Every structure is written in structure tokens, then in C-alpha cells.
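Here the structure comes first, spelled out in C-alpha cells, and everything after it is commentary.
The values are calculated or read from the model by the stated rules, or taken from the named source; none is laboratory data. Bear in mind that the values here come from a model prediction, so they are computed numbers and not experimental data. When we count neighbours, we look across all protein chains shown, and the Cβ atoms used for this are built from the backbone with ideal geometry, even at glycine.
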Amino acid sequence: MAMIFPTFASLYIFFFLLFFSIFDMILVNGENQDFMRSLDSNLLDLKQEKLTHFRVYWHDIVSGHNPTSVVVVKPPANSVATGFGVIAMIDDPLTIGPEMSSKLVGRAQGFYALASQEELGLLMSMNFAFMEGKYNGSTITVLGRNAVFSKVREMPVVGGSGLFRFARGYVQARTHMFDIKTGDATVEYNVYVLHY
Ligand SMILES: *[C@@H]1O[C@H](CO)[C@@H](O)[C@H](O)[C@H]1NC(C)=O
């Protein structure tokens, strides 16, 4: 009897520990599954990816009483001639034609920063927020490098919302007009975007 009791006790402890470690693993796995799970893409109605192209004109107005582009970080006193270090916040109108008076279809909201020491090279970080028809409320996000003196500048579309969920693609920017006196600019944006 004196021999059996310790054996029984250690077996009991062994099974007790085994039971709780398995129970623990189930608990942890269960928690993981609640926090992250795979979905059938049909549930979100993600069927055929579409390619959409559109052209808008982006108006960067720095002059006058109602600028749509304002410098929020000035160049440091010892900065190079390319203005490296400047940051401007924008809420630029997007119109269907090159004239400001043409139909407004959205706004480009975000900022650009002078990110090059060697040339006028911008980092663009902006959302195109559409206001027209079925696209009203949908956005695409453009994040890229814009060497403004190049004829065509290509920047990635890194995402989108609303009708542009899961968006990817690119834009091509071409300067349509630059007023040396005021600094105002109009840029043609051709957008190519894959989305569902
Ligand atoms: C876009 O949506 C907003 C908010 O829902 C609404 O106030 C506005 O009238 C809509 N604009 C157009 C052009 O449909």
C-alpha cells in the first residue's frame, strides 16, 4: 500500500497537468481563430477585378486669398536651392477639364514635401476624394515621387476605399500649366486603377 500511493499520486498529477496543457492549447488556438479568420471572397462580392482609367486636372493654387496649397514647414535657413525640407498641405480641386471653371469631381487632400537635394523632387502623399456620381465618397491614395520638371511623372496608387477598395495601380502626371509669377500650377493626372 505504501508503494502504490506515491505511484497513484504521481499518475494523477501527470494526467492533471496533461489535461490542463491540452485545455490551454485549445483555448489559445480558439482565441487566435476569433481574432483572425479567412473569409470566402464571394462574401464581399469580390468577383472580377476591373481596370478603370480616368483623367482629372489637379489645381495647386498658392496665390490669392484662398490658396489650396499652403506651406506648413518652411525651408531651413541653411537649406539647398531645391528647397529640400519644405512641406505643403493641399486641398486641391480636381476638375474634368483644365480650366478651374470646369466641373469639380473631387479634391486631392494631403501633402507634398520637397524630398530631393539635387532637383525639385517631391514626395506626394495624397488622397483623391471623389464627389461625383457613384464615386462620391470613394477615395484612392497616391504615394510616390514627383520630379516636377520631368515631362511625365509616374506614381503608385497604393490603396483606396469605397468603390476603390483593394485598389492598386498608378498615375501619370503631366504639367499642363505653371505660372512662374504666382506659382499656381495645373497638372493633368491620368489614373489607372485596378479594383473590384
Ligand atoms: C456626395 O455625398 C455627400 C454626403 O453623402 C452629399 O452631401 C453630396 O450631396 C453628394 N454629392 C453629389 C454630387 O452627389
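Below is a table of values for the structure above.
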| read-out | value |
| --- | --- |
| Residue that is surrounded by the most Cβ atoms within 10 Å (Cβ to Cβ), among those in the stretch 34-88 that are touching a strand residue (DSSP E or B) at 6+ places or on another chain (Cβ under 7 Å) and over 21 Å from residue 148 (Cβ atoms) | 54 |
| Filter pass, residue 154 being surrounded by fewer than 16 Cβ atoms within 10 Å (Cβ to Cβ) and more than 18 Å from residue 55 (Cβ to Cβ) | no |
| Every pair of residues 6+ apart whose Cβ atoms lie under 8 Å, when the first sits in the stretch 107-122 and is over 15 Å from residue 140 (Cα atoms) while the second is basic (Lys, Arg) | 115/145; 121/145; 122/145 |
| Pairs, first modelled with pLDDT under 95 in the stretch 48-61, second outside any strand (DSSP E or B), C-beta under 7 Å, six or more apart | 49/196; 50/196 |
| Qualifying positions in the stretch 117-138 - within 16 Å of the ligand (Cβ to nearest atom) and either farther than 14 Å from residue 56 by Cβ or surrounded by fewer than 20 Cβ atoms within 10 Å (Cβ to Cβ) (or both) | 127, 131, 132, 133, 134, 135, 136, 137 |
| Qualifying positions in the stretch 47-69 - closer than 16 Å to residue 179 by Cβ, touching a His at 6+ places or on another chain (Cβ under 8 Å) and assigned to a loop (DSSP other than H, G, I, E, B) | 68 |
| Top-ranked residue of the stretch 176-187 - restricted to ones that are out of contact with any Ser or Thr (no Cβ under 6 Å at 6 or more places or on another chain) and buried (at least 16 other Cβ atoms within 10 Å of the Cβ), ranked as nearest to residue 116 (Cα to Cα) | 185 |
